[in-house]
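J.: Dumping the structure here so I can ask a few things about it.
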Amino acid sequence: MKQKRISRKAIPYLFILPWIIGFLVFTIGPLIFSLVMSFFDWPLAADPKFVGFGNYIEMFTSDKQFSKSLIISLKYAAIFVPLNMIIALFLAMLITQPVRGVKIFRTIFYIPTVISGVAVSILWGWILNGDYGVLNYLLSLLGIEGPKWLVDPAWAILAVIIASAFGVGSMMLIFYTDIKNIPIDVYEAATIDGANPARQFFSITLPIITPTILFNLITSIISSFQQVTLVMLLTGGGPLKSTYFYGLYTYNNAFKHHKLGYASANAWVMFLIILVLTALVFKSSSAWVFYESEAGGVAKKGKKSKRGGKR
Amino acid sequence: MRKKLVAMLILAMTGTMFLGGCGSDGGSGSGGGDGKSGGKVKIRFASWDEAEDVDAQQAAVDKFNDAHDDIEVTLEAYGGEFDTKISAGMGSNDMPDVMYMWNYPAYSQGLEPLDTYIEKEGEDYKKNFYDTLWNYNSYDGSTYGIPIGFTTHALFYNKDIFAEAGIDEPTNDWTWEDVQAASKTITEKCEGKKGFSFQMKPDPYDYEMYLWSNGTAYVDAEGTLEGNLNSDKAKEVFQMFQDMEKEGSAVATEKSGTDEFRAGNTGMYVYGSWSINTLKEDGVNFGVVNIPSFGSQPSISILSSSGISMSKDSKNKEAAWEFIKFWTSEEMNKERIGMELPVLYSVVESEGIMEQPEYAPFYTMLEQSSDYTPSSFIYGSWSELSENLSLSFERVFNPSAMENVSDVLDEAAQQ
Amino acid sequence: MKMSKISKTIIYILLGIMALYFLSPFVYMLFTAFKTEAEAVAYPPKLFPAKWLWQNFADAWNAQPFGTFLWNSLLVTVGTTLGQVISCSLVAYGFARFNFKGKNVLFMVLLSTMMIPWDVTMIPQYMEFKMFGWINTLKPLIIPAWFGSAYYIFLMRQFLMGIPKDFEEAARIDGANAFQIYWKIFMPILKPSLILVGVLNMISVWNDYLGPLIFLQDRSKYTLALGLAAFKGVHETQIIPMLCITIIMIIPPIIIFIIAQKYIVEGTSGSIK
């Protein structure tokens, strides 16, 4: 009997054991290593030199690009994250409509996600080229002089957003799966109650999918800070460094300037910023995220002390 | 010290995860290992060639392997991602034994100096290479690479467009004034076409050739920017390009300008020999001449050189050198024609390269440019300077900025 | 509930507009793949090629040993997807349906691992894999996936937390143990999200070229994505072969997606009206 109780306590740990092993073997070592590196002047091939907080001090005092890139990334995240989520949710709602041929549209919306990032960047480079691009050519047929998307700093960030929204399919699919998992009787009850589609969406669908909204929110905050491939290939950080995202800044410090220690310091500052943002989102989530597993009459066993305010 | 520190960190890393000691097969590992297996010395060879050239390279490597019982070379082709891979390899102390190389200032610390190897081969070995190339394959007084290819820049022009505009084709003696005049005529007479194109965001490494051609450079021998980058002669160069863009006879392109030239939208542009194959395949009716001069002195070109280098950590340096020798031989220079411009006097002569009008200008420019050293070899933290210069140039040439040349360069020289 | 004609029309208009945005770049790419290089860069651009060069696809496929690359890509994709689905569901179940000491801290740690960019952990990771003797093998690309990745664990956890608490109570009363409940009760209803994780993982692994670039050496080990990237040179990009391979590479994931669609819907009690 006693033995059984001990093993019961161990059960949750058994479930998460794969991740714990993987974390210890593959993740924590490199993480610590990069943290250590951030306190060194660590060139590519020569001897590293310990500099204490030197790298961090340099970032906040003498490196102007640090704050510029940070602001660019914050701006991008502020526009891109909500926009992307709204589009994804909108598409997910569209493709759940019971109309003929919806399956084909579902696939169409998903295709761009499947295209390799390198090809996508080159493709958009062609389309958005100011003088010889397809988009401006089409606009010129309509008598509109299109902006120089990748040359005018005022338009470039929009160009990046247009190109990255192209890959919204994954998020759409996540929302879609969640919406599809809502038991049908919930809606049927609502229909009997006479709720119109808009009310159905706001009072039934939206609350039920809040856990996935939280997921998409957090992961897209993270990915928008780490955005590298697309800007590197599409704009190269330009024009006039207007799309020199923080991710690109870190990448270039590591692989172009070969300042591995400094790049690690960049990365860890970014880590702290994302961590704070994530923590804030999680804190706020107790007010708007609705977990079925915590609802109803079943006693909530002190779930998530961080979200303690919920009940 | 580096190795010790790295070893300590790795030990700490693995200590936490392998308390049981099941990771004991570590140490030398089998990834790169001591490079020996089955009695053969293994040599890793990394190149940046793209897909279509790799088969030819593999065939050449196979040829070497067949001729050597004791050495086995494996080809690793990384294309445009070459630098990422080499950086990662160098940062992790696991480099290929032999690799293509161009950016010596950035990588020299991980490379083996080759001067003693070269000496052993005798005087004639070294002498057969175009002399200028050795400057570009050395850093801080040591030679780190053996030349395998190069390109200078030259002026490409579209013969059909010149015919359409009814003007004479460029010659090797053209000055920039000639280019400007021709550009104007082309832009006026040929609907929707521009006479000349240049890069809106030129690579500062390449762009220095225009400053050289006008008798200045980014920095002097001490590495000082002030009075060089913002000298009157430097400003003249930038002003000329900006003026051409402003008056509309030239277009500043987002990328290299090759696409615009291929499509027949521009009459002239300055570029390396990289695009020759493409232009031929497209059937573009083009010609190549020397870079135009500023009048007072012959024009100078930057060199983009390819060399082949050895890792300083290679465990089989003799075998690696054996392969390098093979790869830089006359035979291989001939083999690579069409992919690279040959770098040996003897091969250029025997293959009659100078009689081919599309290649000859690149060699003339090479000879003309022998006394110049790029600032990237002089200035300590070039990659960061380059990034700043790039931004300054863009401020001058980007049509949505078009800032005052003098102001921008003065500001840039204050860094 | 029957839908009115008007709302149907509105839905079709919306679907059409969105399809235009998502499909037109793709269609342009598809048609360009049949062109000559010269046509591809021509201005003004033309939508249709002068001649449909089917040969482009064969040429591109033969330019590199893509047969080998395909095999490697399949190994990696199938290998990671299996691992990812199994371990992520286990771990997510642990985090979502139990309370245990240190859970919140561990979960924050899990999320944190997503927040450090790969650029700076890559070099130490390389050294570690080298010590294992894994460099130039597919192991670094496959094995870590068997220990779950934070992204999918987090996703699964969100789905699991959306299931009412009393769900397993009945089974518990019946005397089923935790693993039986996980396997017999939760797995069936989780099928759609398991498929989702599988599909998402498949796409990202299929197209990942940075991992293969760093950890592989011989061409015989390369994956499709790495072969694709090799068309991009230092100075010139071979655009037509690149587009051809891109299009070929789209086909398997799309087929999988079309099949998976069905299961994502099937797992539930029906569609929304």
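The values are calculated or read from the model by the stated rules, or taken from the named source; none is laboratory data. The shown structure was predicted, so the numbers you read here are calculated from the model rather than taken from an experiment. Every residue, glycine as well, gets a Cβ built from its backbone with ideal geometry; the counts of neighbours run over all protein chains shown.
J.: Scan A:V25, A:V81 and give me the residue that is touching a Leu at 6+ places or on another chain (Cβ under 8 Å) and closer than 18 Å to C:M114 by Cα. Step through it out loud before you land on a result.
T.: Values: A:V25 fails: touching a Leu at 6+ places or on another chain (Cβ under 8 Å).
Just a single option satisfies the conditions, and that option is A:V81.
J.: Collect the residues in segment A:95-110 that are part of a helix (DSSP H, G or I), at the interface with chain C (Cβ under 7 Å from one of its Cβ atoms) and surrounded by fewer than 21 Cβ atoms within 10 Å (Cβ to Cβ), keeping them in residue-number order.
T.: Filtering segment A:95-110 for residues part of a helix (DSSP H, G or I) gives A:102-110.
Among the residues that remain, those that are also at the interface with chain C (Cβ under 7 Å from one of its Cβ atoms) are: A:103, A:105-110.
A:K103, A:T107, A:I108, listed by residue number.
J.: Please go through segment B:356-415 and pick out each residue that is assigned to a loop (DSSP other than H, G, I, E, B) and without any contact (Cβ under 8 Å) to a residue 40 or more places away in the chain. So that I can check it myself, show each step before the final result.
T.: Just the residues of segment B:356-415 that are assigned to a loop (DSSP other than H, G, I, E, B), to begin with: B:356-359, B:369-374, B:378-381, B:398-404, B:414-415.
Those that are assigned to a loop (DSSP other than H, G, I, E, B) and without any contact (Cβ under 8 Å) to a residue 40 or more places away in the chain: B:Q356, B:D371, B:S381, B:S400, B:A401, B:E403, B:N404.
J.: Where the second residue is among the basic types (K, R) and the first is more than 14 Å from chain C (Cβ to nearest Cβ) and lies in segment B:59-83, which pairs have Cβ atoms under 9 Å and are six or more apart or on separate chains?
T.: Listed by first residue and then by second, the contacts come to B:A60/B:R336; B:H68/B:K40; B:D69/B:K40; B:D70/B:K40; B:I71/B:K40; B:I71/B:K42.
J.: How many residues does segment C:113-129 contain that are in contact (Cβ under 8 Å) with a residue 24 or more places away in the chain and at the interface with another protein chain (Cβ under 7 Å from one of its Cβ atoms)? Break it down stepwise before answering.
T.: Within segment C:113-129, the subset in contact (Cβ under 8 Å) with a residue 24 or more places away in the chain is C:113-114, C:118, C:122, C:126, C:129.
Restricting the remaining residues to those that are at the interface with another protein chain (Cβ under 7 Å from one of its Cβ atoms) gives C:113-114, C:122, C:126.
The qualifying residues number 4.
J.: As an exercise: evaluate C:F34 against (1) touching a residue at least 12 places away in the same chain (Cβ under 8 Å); (2) crowded, with 18+ Cβ neighbours inside 10 Å; (3) part of a helix (DSSP H, G or I); (4) of a type outside the set (D, E, K, R) and give the number of the one condition it does not meet.
T.: For C:F34, the exception is condition (3).
Residue-wise test of (1) away from every other protein chain (no Cβ under 12 Å); (2) in contact with a Cys (Cβ under 8 Å, 6 or more places away or on another chain); (3) modelled with pLDDT under 95.
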| site | (1), (2), (3) |
| --- | --- |
| B:V179 | yes, no, no |
| B:S183 | yes, no, no |
| B:M200 | no, no, yes |
| B:G227 | yes, no, yes |
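J.: Oh, and also: Determine which single condition B:V288 fails, assuming it passes every other condition in (1) surrounded by fewer than 20 Cβ atoms within 10 Å (Cβ to Cβ); (2) not in a helix (DSSP H, G or I); (3) not assigned by TED's automatic domain parsing to the domain that holds B:H68.
T.: (1)
Yes or no, residue by residue, for (1) within 30 Å of B:N103 (Cα to Cα); (2) of a type in the set (A, V, I, L, M, F, W, C):
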position	(1), (2)
A:G29	no, no
A:W42	yes, yes
A:P48	yes, no
A:V51	yes, yes
A:Q65	yes, no
A:S73	no, no
A:I79	no, yes
A:P98	no, no
A:I108	no, yes
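J.: If you don't mind, there's one more thing I want to ask. What are the residues in segment C:194-214 that are polar (S, T, N, Q) and either touching a residue at least 24 places away in the same chain (Cβ under 8 Å) or not in a helix (DSSP H, G or I) (or both), if any? Explain how you work it out, then say what you get.
T.: Applying the first criterion (polar (S, T, N, Q)) to segment C:194-214 yields C:201, C:204, C:207.
Passing the criteria: C:N201, C:N207.
J.: Within the group B:E318, B:E331, B:E349, B:E322, which residue is closer than 30 Å to B:D115 by Cα and touching a residue at least 60 places away in the same chain (Cβ under 8 Å)?
T.: Working: B:E318 fails: touching a residue at least 60 places away in the same chain (Cβ under 8 Å); B:E331 fails: touching a residue at least 60 places away in the same chain (Cβ under 8 Å); B:E349 fails: touching a residue at least 60 places away in the same chain (Cβ under 8 Å).
Just a single option satisfies the conditions, and that option is B:E322.
J.: Please go through segment A:198-225 and pick out each residue that is under 17 Å from C:T113 (Cα atoms), among the hydroxyl-bearing types (S, T, Y) and within 8 Å of chain C (Cβ to nearest Cβ).
T.: Residue satisfying the conditions is A:T219 alone.
J.: For segment A:120-163, which positions are in a loop (DSSP other than H, G, I, E, B) and crowded, with 16+ Cβ neighbours inside 10 Å? Lay out the reasoning, then the answer.
T.: Here is the first cut: in segment A:120-163, the ones in a loop (DSSP other than H, G, I, E, B) are A:129-133, A:142-152.
Those that are in a loop (DSSP other than H, G, I, E, B) and crowded, with 16+ Cβ neighbours inside 10 Å: A:N129, A:G130, A:D131, A:Y132, A:G133, A:G146, A:P147, A:K148, A:W149, A:L150, A:V151, A:D152.
J.: Sticking with this structure for a sec: I'm trying to understand the selection: among the residues of segment B:249-263, which are in a strand (DSSP E or B) and touching a helix residue (DSSP H, G or I) at 6+ places or on another chain (Cβ under 6 Å)? It would help to see each step written out before you state the result.
T.: Just the residues of segment B:249-263 that are in a strand (DSSP E or B), to begin with: B:250-253.
The answer is B:A250, B:A252, B:T253.
J.: Related question: Taking segment A:240-281, which residues are in a helix (DSSP H, G or I), hydrophobic (A, V, I, L, M, F, W, C) and touching a residue at least 40 places away in the same chain (Cβ under 8 Å)?
T.: Initial filter on segment A:240-281 (in a helix (DSSP H, G or I)): A:246-255, A:260-281.
Subsequent filtering for residues that are hydrophobic (A, V, I, L, M, F, W, C) retains A:248, A:254-255, A:260, A:263, A:265, A:267-277, A:279-281.
Listed by number, the residues that qualify are A:L248, A:L260, A:A265, A:A267, A:W268, A:V269, A:M270, A:I273, A:I274, A:L277, A:V281.
J.: Can you pull out the residues in segment A:164-183 that are in contact (Cβ under 8 Å) with a residue 60 or more places away in the chain and either more than 9 Å from chain C (Cβ to nearest Cβ) or touching a strand residue (DSSP E or B) at 6+ places or on another chain (Cβ under 9 Å) (or both)?
T.: A:S164, A:M171, A:M172, A:F175 - these are the residues of segment A:164-183 that are in contact (Cβ under 8 Å) with a residue 60 or more places away in the chain and either more than 9 Å from chain C (Cβ to nearest Cβ) or touching a strand residue (DSSP E or B) at 6+ places or on another chain (Cβ under 9 Å) (or both).
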